[in-house]
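Heads up: the structure comes next, in structure tokens.
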Amino acid sequence: MKRFAQLSTFPWRLLVLLLLACAAVGVVVSLRPPRPAPFIVLRQPYHMPVPLRDRLTRWIPATPHWTWAWRLEEAMFGKRKAVNLSAEVMSLADLSGPAISSLSLGAASFAHTNGLQVWLLRADELKALREHLKPAPETDRPLRPRISTADGVECQLFQGQSVSLSGPPSQVGLSLGCCARVHADYTDLMACITLSELVTNEAVVPGGSSPLVSIQTNLDIALRLCIPKGSGFFLFDRSARDSGRKTIGVIIDPPQPKT
């Protein structure tokens with residue numbers, strides 16, 4: 001009789017579990033943010049937002065006893081996809097307005113009042129652009145950072161050195177922070193890019209002292225961009241020409257998510 005009672009309650013337990021699972025899926029879907037604007041210039045300093053998934057997993061201990069919770073998290077949100085990002089950061093000192101026209105890029109896909117312009121380009125168009133912008137031997141060599149991360153995971157990369165001038169140490173070089181969220185037909189990419197260098201002002205040498213060395217920031221941007229599947233982008237900061245800074249161009253190849 002007792003065994004019969006246990007069997008009779010089994011369907012109800014299964015139904016409750018199914019209802020709880022459906023409710024959990026419904027909550028996840030309802031809290032999923034809508035598709036953002038195609039192009040947004042973010043205010044500096046910018047801090048990457050923490051998605052719901054990461055806020056929840058902060059409370060799950062990384063111990064074998066909680067393996068079931070990690071499996072439930074993956075079942076609810078899906079397995080994270082590995083994402084590979086490749087970039088090229090180059091000096092475009094000789095790139096003037098007419099030279100931009102000669103690249104046959106057409107009108108910029110997005111433009112901001114601060115002088116930032118962005119072109120969304122296919123992989124073959126980016127390859128042709130890279131060949132056209134190949135630097136001369138006497139110019140600065142481009143930086144080619146590579147990042148391997150996962151869907152929705154923030155990552156930071158720095159290439160450069162730490163220097164002390166007249167205060168605490170400062171980082172000089174390329175700083176790249178990004179967070180990519182992969183969708184079926186586009187990648188939602190948030191990126192912060194800063195490029196600086198040491199410059200020497202030999203004209204300012206009072207009393208025959210050593211030349212004045214300072215840090216010059218040539219690029220400091222934060223943006224959010226919806227990149228269509230199979231496309232990357234080229235960005236160019238026109239405002240640098242009017243401020244005495246080096247003109248910098250950045251190529252981001254199409255993000256490559258791995259299933």
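What to note about this one:
- In this structure, the amide hydrogen of residue 92, modeled 1.01 Å from its nitrogen in the peptide plane, lies closer than 5 angstrom to those of 247, 248, 249, counting only residues at least 5 positions away or on a different chain.
- Packing around the peptides 79-86, 107-114, 61-68, taken as the average count of other Cβ atoms within 10 Å per residue, puts them in this order, highest first: 79-86, 107-114, 61-68.
- Each of the peptides 190-201, 171-182 was scored by the mean count of other Cβ atoms within 10 Å over its residues; in descending order, highest first, they stand as 171-182, 190-201.
- For the residue pairs 81/246; 134/229; 81/134, the alpha carbons lie more than 31 Å apart in 81/246; 81/134.
Quick note: the coordinates plus some simple rules give every number you see, no bench work behind them. Computed from a predicted structure; not experimentally measured. Quick reminder, even Gly has a Cβ in these numbers, built from the backbone with ideal geometry, and neighbours come from all protein chains shown.
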